[in-house]
1. Among the residues of segment 74-94, how many are of a type outside the set (Val, Ile, Thr) and free of Cβ contacts under 8 Å to residues at least 40 places away in the same chain?
2. Go through segment 1-15 and report how many residues are free of Cβ contacts under 8 Å to residues at least 24 places away in the same chain and outside any helix (DSSP H, G or I).
3. Working carefully through the options Leu36, Leu18, find the one that is in contact (Cβ under 8 Å) with a residue 24 or more places away in the chain, of a type in the set (A, V, I, L, M, F, W, C) and out of contact with any strand residue (DSSP E or B) (no Cβ under 8 Å at 6 or more places or on another chain).
4. Looking only at segment 154-170, decide whether some residue is out of contact with any helix residue (DSSP H, G or I) (no Cβ under 8 Å at 6 or more places or on another chain), among the basic types (Lys, Arg) and assigned to a loop (DSSP other than H, G, I, E, B).
5. Given the conditions (1) at pLDDT 95 or above; (2) among the acidic types (Asp, Glu); (3) surrounded by fewer than 10 Cβ atoms within 10 Å (Cβ to Cβ), which single one is not true for Glu3?
6. Is it true that some residue in segment 143-153 is touching a helix residue (DSSP H, G or I) at 6+ places or on another chain (Cβ under 6 Å), modelled with pLDDT under 90 and not acidic (Asp, Glu)?
7. Which of the numbered conditions does Glu56 fail, given that it passes all the others? Conditions: (1) over 30 Å from Asp134 (Cβ atoms); (2) surrounded by 13 or more Cβ atoms within 10 Å (Cβ to Cβ); (3) among the acidic types (Asp, Glu).
Amino acid sequence: MDELIVKGMDLQAQAKALEITTAETFEIAGGYLKALKALGKEVADTFKPVIAKAHEAHKSALEAMGKHQAPLDDAERALKGKMTVYVEKEREKARAEQNRLEAIERKRIEDERLAEAQEMANAGRADVADQMMDAPVVVAPIKVQAEPKLDGVHFSERARAELIDFPALIRAVAAGEVPAEAVIPNMTALNAWARAGREVPGVKIVIETIAAARSF
């Protein structure tokens, strides 16, 4: 294997040192390229059996671990699903209770303000009374405990997007209402159309020259 390293480094040095300026040096480069491919095949033939053996051992270990882990994962999913349903119901109840308590507090503040405004109006301060009644009613949020607290277990709420109208999204991007990064170009399809010579608005067809060689 050390011999393969020496051969590879030698070819690497020659290839990087070569300046291709004539037909002769171009032909020499081609010879180096074929030699590199041949040496690459030799390297692959040397290490593929080792890699295959290691891969098989790794695969077997993963399968064994998977068999042990599968019932644990299944039980965890089942418990999380049931607990999530319970938490969602409890949080819905908590929101309803919070709305009820805040409505009561809002009514208390409004009644208190109305009484104070009436006193000001009776005292001949109608302007102050009007200001008091026009001022917005601010109710501090009332926290209502939903699900029980569990040490080491946490439930959080996270928003996610669900695409329901792709053409509408495209129109919004085109109109500048939504950032362009909201849409990811399908480069596989665009490259296929480019190879077929198909013109696509907003896409430039770039012709690349690719060198290929085979070992002998």
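The values are calculated or read from the model by the stated rules, or taken from the named source; none is laboratory data. Please read all numbers here as calculations on a predicted model, not as lab measurements. Counting neighbours? That spans all protein chains shown, and the Cβs are built from the backbone with ideal geometry, glycine included.
1. 12
2. 0
3. Leu36
4. yes
5. Only one criterion in (1) at pLDDT 95 or above; (2) among the acidic types (Asp, Glu); (3) surrounded by fewer than 10 Cβ atoms within 10 Å (Cβ to Cβ) is unmet by Glu3, namely (1).
6. For segment 143-153, residues touching a helix residue (DSSP H, G or I) at 6+ places or on another chain (Cβ under 6 Å), modelled with pLDDT under 90 and not acidic (Asp, Glu): present.
7. For Glu56, the failing item is (2).
A quick yes/no check of all residues on (1) among the β-branched types (Val, Ile, Thr); (2) exposed (fewer than 13 other Cβ atoms within 10 Å of the Cβ); (3) part of a helix (DSSP H, G or I):
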position	(1), (2), (3)
Ala35	no, no, yes
Val43	yes, no, yes
Thr46	yes, yes, yes
Val85	yes, yes, yes
Ala94	no, no, yes
Glu102	no, no, yes
